Amino acid sequence: MTDHTAIHTEGLTKHYGDVRALVDLDLDVTAGEVFGFLGPNGAGKTTMIRTLLDEIRPTAGRATILGLDTHDSSVEIRRHIGYVPGDLAMYPNLTGKDTLTYFANLRGGVDWVYVAELADRLDADLSKKVGDLSSGNRQKVGLIQAFMNRPDVLVMDEPSSGLDPLVQREFQTMMRQVVAEGRTVFLSSHTLSEVQRVADRVGIIRHGALIALEAVADLRSRAMRRVELEFAAPVEASVFEAVPGVRDVSVENHHVVMSFDGNMGTLLTTAAARYQVVDINTHEADLEDIFLTYYRDEGGATA
Amino acid sequence: MLANVFTKTARDRWRGTAIGAGSLALLLYFGMSLYRQFDLSVYDSLPDVVRSIINLPEGTDVAGLAYGAIYGTYGALTLAALALAMGSGAIAGEERDGTIGLLLANPASRTKVLVSKAAAMVALIAVASIVLWGAGVLSPALLDVAIGGTHVGALVFHIFVNAVFYGMLALAVGAWTGNAGLASGAATGVMVVSLFAVGIFQVVSGWENVAKAFPWYYFDAGSPLINGVAWGHIAVLLAGCTVLAVVAVAGVNRRDLKTQTVGVTLVDRLRANPMTRKVADRLAGSTRVSRISVKTASEHQGVTLVTGALMFAYMGVLIGPLYNLIDPGVLDFSGDLPDELMTLFGMGDGDMSTPVGWYRGETFGLVAPIAALLVGIVVGSRALAGEEARRTMGLLLANPVSRTSILLQKAAAMTLLVITVGVATFSGVTIGSLLGGLDIGVANIAAVSVLMTLLGLVFGGLALALGAATGRVRPAAFGAIGAGLVLHVANALLPLNESLAGLSRFTPFHYYTASDPLANGLDWGHAAVLAGLAAALIAVSMALFRRRDLCQKG
């Protein structure tokens, strides 16, 4: 752990009875980065975040934010963070403005000019009661609430749920601006395109354990290409599986799809030697392909 | 009717119903066994006219009084409260929880859903009534008590129909408005007001017929325990149920369903009006959300203002002048009764022929503790568990405030609101006493109001502690209500038995009643016990809340 560490966990473990929601999680999030926290439903993302916020207490291990223990110094930490809970709920009888005033008062005041700017950027209506807003518009109030005190660390659990694409884009710009100022964003998500666009690094969690931790750029360069081949006649998967660098072959009659990080010449020679190639389509793998690959592999190993 | 909606509703609600009915059954047994040891010579010396008034037919042991004391008031109130909780939750509760859309996405009409839920309510109340009836038959058999000509079955049948009436009332209000809080509040209000209106108007000469305007009249005016089922009165209640059912069906079909209950308050209207916007904005926009304590107090302004207003106007101001109108015959009879029996009728341990006895019997015996407990428990049970149930606790705790500070601010709001009810009661009784020329010492009125307030804080503190331990509203509220019911009855019954009398010191109610504050002024020691108990419960809440994982859902 260094001075540049925004969030640090060591051996973080949480059990609910027999259910192991978090298993021995070690993680460092560096100040000034957007950290994408990925995982399927029920993997432990929300448990991790609720532990960081001291809503729940770890069974073992500890976590720090800005060098402060999340339990012992929880109140001090909360002066420096902004938080968007997953499945956001607010007080239905308060207007957006009232809601923000309430939280601002608990924080000893905020810069209302900045709040107005945030509301303008997200196109949020603060005059209506929260209970009368659609879930996307309610989410905007939750986002403003998290950004408004210019926190050093933003912790957000599925923050863009319900937002329309335009607002999502603006929200992503806001996140990049936060890290440009040297502040930190911890973003739990399964909107992969969003993580791909804004995150510097990603951690992938499954069954409560961290199974991968990489820079988005590395992940993409390592993970190769998607290759689709179309043939004149039905083909067999085994032919392609034998080629070095081929993974995840799926054959459907005349059509083959695979992930590939080997020599393209070898692949094409092998294919052309056995069958007549009709069409080739290949593109750089996106995070979704990588994500699916990880889960298929790890799933097979741990399930 | 939809069998699965019926089954699910019954399964969600059976536990509360079982606990309520089971407690009443145990209380009846307990009460009857205590009465059995009661000095019989007192009973024999009662004049016939009194024996008829206190519901003891020929050939019945004194222990038969337990029916009236336990079932007649507490049983009827408990079953009616259970029914109205189910009625208000039926449609409006699903809207509040946001589940109504999912439910109605199935091929089921609104009417069918409503009817199925109403049927589940009636079925559960029927089961509870059968439990009461069973305990009513078994207890005297086990205790070897002669029950002569009492009609416990008729009493239980009246309790059943009466409870269904209040359940249907809550169902109708909820179905018409979609507001569960309004539905349970309105039905509870009608129930409590009519219970005491009937009690008061029946003893005021010239006003007896006014009592017939209140539904509770048709529950007990015919004395079903003595006279059997009063079919005329039952018919009135059933006709009421039918009208309410029609209103409910029409109401739920006529309007747009809600996804979340957003009430429009007076302040909202003022904010919408350009003339008053500035002031209203300051009130609602800045003051209301300035602190956790102020916001909490503001959220419960409705129940506090209604309860406070009722205590002030109805149980305070109105009661004083009425003293001069009471039928003297009734007062004479109450003078003849032994103190213990009067206690059991919720009239305090004295006769009602003096101004102090009158106020003690009508206002401070049962109503004042109910009012103080109601506000304390509503605020206390929702203080922490309410934020968890609504999933706002995480957001609140993301701010730099400690759990301790949140709890203390919520407890402060609860204290403020219960004190408001105490002050309203004090002012009402003081004015009522002046208007009626009753000459009760202001210091004594203050004393009983202080003890009543502290009692409300003790049970509010208990609800807070249960909420802090579980994070769930319903167990906190019903736990505290149940404890209040059992301890109140225990405080009334235990003194009847010499060897057990000392035990009543262990109920908080002892410190409210024993010093007879309206007659004797404040017993500082008793006030200190109640205040200490309330403070201890808040301290326990703090310990429980600080070390627990927050619930994600209520």
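Values quoted throughout were computed directly from the atomic coordinates according to the rules given, and no laboratory measurement underlies them. This is a predicted model, so every value here is computed, not measured. Heads up, the Cβs are rebuilt from the backbone with ideal geometry, glycines too, and the neighbour counts pull from every protein chain shown.
Structure data summary
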item: Choice from A:Val84, A:Val19, A:Val185 showing the highest fluctuation, given a GNM over chain A with Cα pairs closer than 10 Å; result: A:Val19
item: Neighbour-count order for A:Leu229, B:Leu533, fewest beta carbons within 10 angstrom listed first; result: B:Leu533, A:Leu229
item: Residue-averaged beta-carbon neighbours from other chains (10 angstrom radius) around A:143-149; result: 1
item: Check: the stretch A:224-284 dipole with +1 on Lys, Arg Cβ and -1 on Asp, Glu Cβ, in debye; result: 140 debye
item: Virtual spin-label span in nm between A:Ala212 and A:Arg225, 7 Å along Cα→Cβ; result: 2.0 nm
item: The stretch A:5-220: Lys pairs at Cα distance under 22 angstrom, eight or more positions apart or on different chains; result: 7
item: Highest to lowest packing among B:178-189, B:99-110, scored as the average C-beta count within 10 Å; result: B:178-189, B:99-110
item: Dipole magnitude of the protein assembly as shown, debye to nearest 20 (Cβ charges: Lys/Arg +1, Asp/Glu -1, about Cα centre); result: 1180 debye
item: Lysine pair number, Cα distance threshold 22 Å (strictly under), chain B, separation 8 or more or different chains; result: 11
item: Cβ-based net charge around A:Thr64, under 11 Å, with every Lys or Arg adding one and every Asp or Glu removing one; result: -3
item: Approximate spin-label separation B:Ala443-B:Leu143, in nm, with each point projected 7 Å along Cα-to-Cβ; result: 4.2 nm
item: Full-stretch length increase - B:Thr404, B:Asn520 - with 0.36 nm per residue and alpha-carbon distance subtracted; result: 37.9 nm
item: Likely footprinting exposure, B:Ile370, B:Ile440, fewest C-beta neighbours within 10 Å first; result: B:Ile370, B:Ile440
item: Residue-averaged beta-carbon neighbours from other chains (10 angstrom radius) around A:83-91; result: 5
item: Ratio of Rg to Rh over the stretch B:162-214 (Cα coordinates, Kirkwood Rh, two decimals); result: 1.11
item: Once the Cα gyration tensor of the stretch A:224-284 is diagonalised, semi-axes √(5λ) in Å; result: 16, 12, 11
item: Per-residue average of Cβ from other chains inside 10 Å of A:50-59; result: 3
item: Proportion of all alpha-carbon pairs of chain B beyond 33 Å (%); result: 43 percent
item: Calculated FRET value between A:Ala242 and A:Asp111, using beta carbons and R₀ = 51 Å, to 0.05; result: 0.20
item: GNM flexibility winner over chain A from A:Ala124, A:Ala146, A:Ala272 (Cα, springs under 10 Å); result: A:Ala272
item: Within a Gaussian network of chain A (alpha carbon springs, distance under 10 Å), most fluctuating of A:Asp69, A:Asp26, A:Asp120; result: A:Asp120
item: Taking B:Leu82, A:Leu106, B:Leu142 and counting other C-beta atoms within 10 Å, the order from fewest to most; result: B:Leu142, A:Leu106, B:Leu82
item: Coordinate range along principal axes, alpha carbons of the protein assembly as shown, Å, largest first; result: 116, 56, 56
